[in-house]
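The values are calculated or read from the model by the stated rules, or taken from the named source; none is laboratory data. The model shown is predicted, which means the values in this text are computed figures rather than measured ones. When we count neighbours, we look across all protein chains shown, and the Cβ atoms used for this are built from the backbone with ideal geometry, even at glycine. These accessible areas exclude ligands, DNA and RNA; they are computed on the full protein's heavy atoms, side chains included. Shrake-Rupley method; radii C 1.70, N 1.55, O 1.52, S 1.80 Å.
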Amino acid sequence: MKRKQEEEDGDAIANCLDSSAGAVRVKPRNSVGGHGDGIMDRGGGKAAEKMTTVMPGEAQTAVIAGGGGAAGAAIVNGNDDGGGGGGELQSTTDPTRSSTGQDAERTCTHDVVFPEGYVAPPPKPPSKEPAKKYPFTLDPFQREAIKCLEAEESVMVSAHTSAGKTVVAEYAIAMSLRNNQRVVYTSPIKALSNQKYREMCSEFMDVGLMTGDVTISPEASCLVMTTEILRSMLYNGSALLREIAWIIFDEVHYLRDKERGVVWEESIVMAPKNARFVFLSATVPNAREFAEWVAKVHGQPCHIVYTDFRPTPLQHYIFPSGGDGLYLVVDEKGTFREDNFHKAIVAMGANGARKEGERRNGKEQKVAFDEKSDIFKITKMIMQRQYDPVIVFSFSKKDCEALATQMSKLDLNDQDEKKLVEGIFWNAMDILSEDDKKLPQVTTMLPLLRRGIGIHHSGLLPILKEVIEILFQEGLLKMRCWISMYFRREACSAFYLNYTLVLNQLRCEESDPEKLIRQSYRQFQADRGLPALKRKIEEMEEELSNFAIQEEAEVKEYYTLREQERKLKQDIRDVVLAPKNALPFLQPGRIARIYVDHNAVKDAREIPGEESTAWGVIVNFEKNPTKQQKQEDAQDGAMVLASSQQYIVDMVVHCALDGGDSDTRSGRKKIAKPVPHGQKGEPVVVALPLSQIEALSSVRVYIPKDLRPLENREHVSKILREVFQRFPNGLQLLDPEEDMQVDAKVYRKAVRRLEMVEGMLAGHRLSSSPTLRKRLRQVMEKEDLEKRIKLAKRELRSVQTLILNDELKARKRVLRRLGYTNSDDIVQLKGRVACEISSADELVVTELIFNGVFKDLTVDQIVAMISCFVWRERSSSASGRLPRLRDELAVPLNLLRDSARRVGKVAAECKIMKLTEAFEGSLIRAFRRVEEVLGQMAAASKSFGETELQAKFELASAQIKRDIVFAASLYL
């Protein structure tokens, strides 16, 4: 009875651990289902309501994912594969639950990962009172995650957006406050931290905020902060860390972010060992792998609670470009409607053919901004069917704004809603100065918002972005054009080294960079491949030991001679058919022999000397400058052109056609692949590089002028067959010396060597053996297997060694040579200053400081120089050349370049390689980063007693920290 009660309560983990397990062991739990009367989407708006999302396709279609309404069932994308290694996540339906309807899909999968040698403590008695009560029935994944929290064990919650993951975070905070513990809530960006702070303040009393821009109640029991702030606290050894019981990492799938993913790994690895974690993530297929890493690094269990349930059921439609209707291709139950899909494809092809006809007849009309555009028709239809709100996704900021402009003729709000929009908008804008209110983005946004249309991308002014978020949550925006770059991908590591990381690790007594790398998620993922790689090598070595080749030594000798023969023939061909020799003989009608597979020229898989070839007739040739391949000579820097690749030869060749029919309705094109005569195919005019021609014959034939009709190409093919019948022993080739006048020293040398090798082959004992081909094939297979074993062993050695080890050594050399560390890798004064710089190039900035550059610059010049470190965006009108700068700006820029060159030269020697059209929001983000760097430079100056320089940096920071650039968040 006791055991049964424990299982029902979910407050105990069975203590049945296998002592023979490896580094990490996994104990699967059954899936859990529940009825759930509702979903509360904390901070996500009305989660259970219908919503339509539109993704405009680049070429032919617009794909719509529509909400199926309250009665529909969620689309279930299938079980998580668990990331491999530890086996798949177990999923078993609770037999007590119904198996039909939407409620049957409201399930979750619960697994737990234990570190090696872990012994579970005695189960704690369940708490009599929950830390927080909810006015709705929790979903299964929420209940399971809360049980893990009450058991004081870390948990990763992986669920779709708006599924209610925030409920788990709220419970962790409530539980910490109940137990008089401190908790940290981290988010990836400052804006999200501000929003979460506002939400938490409405739920709890003792909440603080730390983002770098704003600090509110830093002594609070619940602190909301960006992940970068948490990392800084960990490096600085903040006393606050000793009091933290729980750390909540929101949006932990940011781990794979190229630039900032390393911040998450550093923070997780360096977090206090006594802390427990809550990881909130979108659905990722390798959630188990991530949990195994956490369990290994921190020596504590980590649970995985995964659900594929969507609170808002989805229907997927296709809107063919240029069409007038929608086609339901996936219904609310996840059923693929193949008949509708094919109808949509047919309609798409018909529209494409019609547009092609209009284009050819000169009747094509541009419909970028009128009611004929596809996006306008889709949105209008969605609104008429009351499927709003609608989100239109795009992949660029300019397209996002263009799509919203196309909708400007639609009026989606009534008069009352327009008044509410204006009231909210101007209440928010009141904090701006009169000049800021006249900014183009501010003045052009309100007319769209009044019509119920919003825009959301990173180029927006932060205050406008927050206004749009609030209006959307209040239901006052019916359409929102959004830039989206998220795809369901694995939570892979983006860990990399930088100088700040290395210096901070060397500076801290309890840290070192090697240890951090060894405990990184990237190293963990690399190590997971070791067992499989070892098994692969063992299997290949066993296969190699089973090879038995009769007279192997002699067969290898013969094979080597054949390989030498092939290479010499190729060398001769390269000289003979070099452009200067071949171009005069590429006349129309000449018959030429080509390699069937161009790759076979360099990496022949056939027995040497038996490469597949075909015959064709030359039509024309032309120089193709886009195919020039330039290789820089390692010794003198001369540019060597692969000249055979510069010329394209059009030829009539017998080809096999792939890619289906050439019906214009489908829009698919045939792919022609040359094949030897006799195989299925038809004559096609193909463009081949000169390097694919193996030999030129002395025979020329007549070819029609127009080869577009099939019957004309068939006529050329018929003539070619007649020529072969007339020369049964093979076509005579052009003689390189007599016909083509080739007289190169390299050519004569290769010919002499070829004659010698051919003589050795003819006199070899095995040349007439009936089993020679079979044995040559065996030698090739064995040689290929030996190469694969060698490559696999090299990969194994690289995996077994510490990843990034060579780069770490090189970065340490750079730091020693520039004086940031001494010969014992002890951080010096310059190194301590560089540790304060994390938002710009730490070495270049530090060099500028120590070279006294900033002492002689005005505050305006300092700000201008720092802006060079933070601006990342490109302008479409940029010509690649910098505009002419005034002298007061050109001088500091040259000083910056000099310092950058010095640092770059040392890095290269240590073998480390590696007025604008910009949106207003991008400029604001750059200004804020400049202010952030200036703050770091002020702290760096203070660290070595340069109070005068510190004051100058603080003054520069104060002068740009004003107006709309640093307008207060609406959430605060």
Revision key, fill the gap. Residues whose modelled amide H sits under 5 Å from the amide H of H677, counting only those 5 or more places away in sequence or on another chain, are W615
Check your understanding: To the nearest whole percent, what portion of all C-alpha pairs in the range 437-553 is separated by more than 16 angstrom?
Key -> 78
Practice item. Could you please state how large a percent of the accessible area of the range 109-307 is carbon and sulfur, counting protein chains only and using a 1.4 Å probe? Key: 52
Exercise for review: Please identify every one of the chymotrypsin sites (Phe, Trp or Tyr not before Pro) in the range 199-305 that sits in a loop by DSSP and has no more than 11 other beta carbons within 10 Å of its own beta carbon.
Suggested key: none
**Study point:** Zero-based 5 Å bins, Cα pair distances in the range 109-307, whole percents
**Key:** 1, 7, 17, 21, 23, 17, 10, 3, 0, 0
Practice item. Might you tell me the accessible area per residue for the range 109-307, computed with a 1.4 Å probe and given in Å²? Key: 33
Review point. Taking K and R as +1 and D and E as -1, what net charge do the other residues with C-beta under 11 Å from the C-beta of E243 add up to?
Key: +1
Check your understanding: What is the calculated FRET efficiency for E722 to A402, with r their C-beta to C-beta distance and R₀ = 60 Å, to the nearest 0.05?
Key -> 0.50
Check your understanding: Between A890 and R507, what FRET efficiency comes out of the Förster formula 1/(1 + (r/R0)^6) with R0 = 30 Å and r the beta carbon distance, rounded to 0.05?
Key -> 0.25
**Study point:** Sparse-neighbourhood loop sites, trypsin sites (Lys or Arg not before Pro) in the range 734-841 - DSSP loop, at most 14 other Cβ within 10 angstrom
**Key:** R765
Review point. Pairs K196/K398; K296/K812; K196/K418; K556/K745; K133/K196: which exceed 23 Å Cα-Cα?
Key: K196/K398; K296/K812; K196/K418; K556/K745
Review point. Under Stokes-Einstein, with the Kirkwood radius over Cα pairs standing in for Rh, what whole-number D in µm²/s applies to the range 225-313 at 25 °C and 0.890 mPa s?
Key: 174
Practice item. Would you please name the chymotrypsin sites (Phe, Trp or Tyr not before Pro) within the range 484-590 that are DSSP coil residues with at most 16 other C-beta atoms within 10 Å of their C-beta? Key: Y486, F487, Y496, F547
Check your understanding: Quick one: if the Förster radius is 30 Å, what FRET efficiency do N498 and D574 give, using the C-beta to C-beta distance and rounding to 0.05?
Key -> 0.05
Practice item. Along Cα→Cβ, 7 Å out, is where each label goes; now give me the distance between the ones at Q587 and N729 in nm to one decimal. Key: 2.5
**Study point:** Label-point gap, in nm, between E807 and R788 - each point 7 angstrom along Cα→Cβ
**Key:** 3.0
Check your understanding: Taking a 31 Å limit on the Cα-Cα distance, which of the listed pairs K673/K705; K333/K536; K397/K673; K567/K718 fall beyond it?
Key -> K333/K536; K397/K673; K567/K718
